[in-house]
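The values are calculated or read from the model by the stated rules, or taken from the named source; none is laboratory data. These figures come from a predicted structure and were not determined experimentally. Here Cβ is always computed from backbone atoms with ideal geometry, including for glycine, and neighbour counts include all displayed protein chains.
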């Protein structure tokens, strides 16, 4: 009787131990399959992108259908112009709101704004495109660089608000109090002590937001619209790298497909560069606070 | 306390413009979407959501095929991404060494940073041919008795779009569920292990059941992203308003009809119907976000109280 119980106990234990081992394998497989897809995407991107990339890509305008060669010089410039416009919209509002929430706002008001920004972050980017279309494109009677920058800028606002608030909050109280003790009004303390102390973190937040919107295509489809030539005015349609990648990828021409891959690799390198620049700021900040 | 200068009061008021402008912006977004879709809202009413006629010439619009496409692709994407994402998150949080876990987390963040137009490009030239030559013939041959895997095999369609969506949302599921799992107080797990459970039993019965609300939050957040995802889906779903039980069939989604038709929409009713689709996306994404944040907050709040 006792042996039977012991044998059955052993059996259960072996089964449970086996199940435990199997599940480790299954979980590992999940992690590995995600990494496999990532490497597959990066591999294709690099192989097809690098082989299609040449100097003309950065210096020439797109060629008409049928002619080989050409580049995306105008789209690269256009992306920078759009990002510049987006920064003009997103940074003042985001930074101002972040500083206000951390330094002045009542708890209740801060909670409401934080919640609304989180919700804003989850709104699909194409909806911001529609909004920019209604408030910019329709009144101005035409697609424009300005409306594209506006759409990207609004998308940056909630991200910048959240990160700047977080970093401004981390400025030590002693620093502020030292300023106030000298009889400096609070607004000078905020501008001259608090913001400079939090600047590295704030810059990181801005960079991360910039990296996120730099690859956005959907909000530009019916605002910036795209352009095959150089753009001379902010009230004209403007080319952008993600838009160009999209329209070349869905075209039926092999040469344009190659250009799309080249555009994609430039785009991803740009996103990664901005992201790692942001990481660099974080690292410098950490070293600073660790040294203290 | 700061000295209350008049300059201080002015600064405070000027600065208050910015957070208020965020609230005004969201309210304005909502108001503009409603007022611009008013013609379509009043003309079609509820039939907009049940009719599958999309006829710009006759100005008769119904969004059912798009709603169907969005729901179908998002759900299939969740079915694929949730087990893999949660599994990978458990592995990172509970099994992998800290160094490995850190490296993999950085790579997962990299996956999340890839713009969706690049996913679409990869989808067109790598995933779709692979679907056409390998996956779909295989599914058709061995699982063809199911209604999901029947019909002509184009490569593009619901299944390809669902897979690309799953790839796009998996990094979110991993990073949020990893955070949730790490927030579970380790005392609970250790008590289970001390009672003689295996590691998997402790993870499955204790950690997962403690964090399930948070993981559900992560899944709903991912659902919100899948619903709003535009470019990658537009590039490989086939853009054909069909309602079909077959995943091989080409389809259309709410976001991709906006991407394809908005810039060319001529006529007020056409534009207004498209904006109504935007309004639907806006409202659904807000609801989904509120729900998800509430769930995640309920878990992480409990964890921070337990460690106090």
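Only residues that are in contact with a helix residue (DSSP H, G or I) (Cβ under 8 Å, 6 or more places away or on another chain), within 7 Å of another protein chain (Cβ to nearest Cβ) and surrounded by fewer than 18 Cβ atoms within 10 Å (Cβ to Cβ) were counted across the stretch A:17-36, and they come to 7. Candidates A:68, A:63: the one that is over 29 Å from residue A:152 (Cα atoms) and touching a helix residue (DSSP H, G or I) at 6+ places or on another chain (Cβ under 9 Å) is A:68. The helices (runs of 4 or more DSSP H) falling completely within the stretch B:1-106 that include 3 or more residues that are under 30 Å from residue A:174 (Cα atoms) map to B:6-36.
Would you point out the residue of the stretch B:220-239, among those that are outside any helix (DSSP H, G or I) and more than 10 Å from chain A (Cβ to nearest Cβ), that is nearest to residue B:292 (Cα to Cα)? It comes out as B:237. What number of residues within the stretch A:121-154 are outside any helix (DSSP H, G or I), touching a helix residue (DSSP H, G or I) at 6+ places or on another chain (Cβ under 8 Å) and either under 29 Å from residue B:289 (Cα atoms) or free of Cβ contacts under 8 Å to residues at least 60 places away in the same chain (or both)? Residues meeting the conditions: 2.
The sole residue among A:203, A:223, A:190 that is modelled with pLDDT of 90 or more and assigned to a loop (DSSP other than H, G, I, E, B) is A:223.
Of all the listed residues (B:196, B:214), the sole one being modelled with pLDDT under 90 and under 18 Å from residue B:85 (Cβ atoms) is B:214. The set of residues from the stretch A:226-275 being closer than 16 Å to residue B:232 by Cβ and assigned to a loop (DSSP other than H, G, I, E, B) comprises just one member, A:250.
The rows are residues; the columns are (1) free of Cβ contacts under 8 Å to residues at least 12 places away in the same chain; (2) under 20 Å from residue B:94 (Cα atoms).
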residue: B:180; (1), (2): no, yes
residue: B:193; (1), (2): yes, yes
residue: B:196; (1), (2): yes, yes
residue: B:208; (1), (2): no, yes
residue: B:225; (1), (2): no, no
residue: B:236; (1), (2): no, no
residue: B:264; (1), (2): yes, no
residue: B:272; (1), (2): no, no
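Identify all residues within the stretch A:93-113 that are more than 7 Å from every other protein chain (Cβ to nearest Cβ) and within 19 Å of the chain's Cα centre (by Cα); write none if there are none. Once the filter is applied, which keeps residues that are more than 7 Å from every other protein chain (Cβ to nearest Cβ) and within 19 Å of the chain's Cα centre (by Cα), the stretch A:93-113 yields A:94, A:95, A:98.
Would you confirm whether any residue within the stretch B:268-279 is at positive phi, within 13 Å of chain A (Cβ to nearest Cβ) and either assigned to a helix (DSSP H, G or I) or surrounded by fewer than 23 Cβ atoms within 10 Å (Cβ to Cβ) (or both)? Looking through the stretch B:268-279, none of the residues is at positive phi, within 13 Å of chain A (Cβ to nearest Cβ) and either assigned to a helix (DSSP H, G or I) or surrounded by fewer than 23 Cβ atoms within 10 Å (Cβ to Cβ) (or both). For the stretch A:195-214, the criterion of being surrounded by fewer than 21 Cβ atoms within 10 Å (Cβ to Cβ), farther than 30 Å from residue B:255 by Cβ and within 12 Å of chain B (Cβ to nearest Cβ) is met by at least one residue.
Among the conditions (1) without any contact (Cβ under 8 Å) to a residue 60 or more places away in the chain; (2) away from chain B (no Cβ under 13 Å), the only one that residue A:53 does not satisfy is (1). Evaluation of residue B:26 against the conditions (1) without any contact (Cβ under 8 Å) to a residue 12 or more places away in the chain; (2) more than 9 Å from chain A (Cβ to nearest Cβ) shows that the sole unmet condition is (2). Test residue B:257 against the criterion of being within 29 Å of residue B:174 (Cβ to Cβ), more than 7 Å from chain A (Cβ to nearest Cβ) and touching a residue at least 60 places away in the same chain (Cβ under 8 Å), and give yes or no. For residue B:257, the condition - within 29 Å of residue B:174 (Cβ to Cβ), more than 7 Å from chain A (Cβ to nearest Cβ) and touching a residue at least 60 places away in the same chain (Cβ under 8 Å) - is not met. Within the stretch A:78-87, restricting attention to residues that are out of contact with any strand residue (DSSP E or B) (no Cβ under 9 Å at 6 or more places or on another chain) and away from chain B (no Cβ under 14 Å), which residue is surrounded by the fewest Cβ atoms within 10 Å (Cβ to Cβ)? Restricting to residues being out of contact with any strand residue (DSSP E or B) (no Cβ under 9 Å at 6 or more places or on another chain) and away from chain B (no Cβ under 14 Å), the top hit is A:84.
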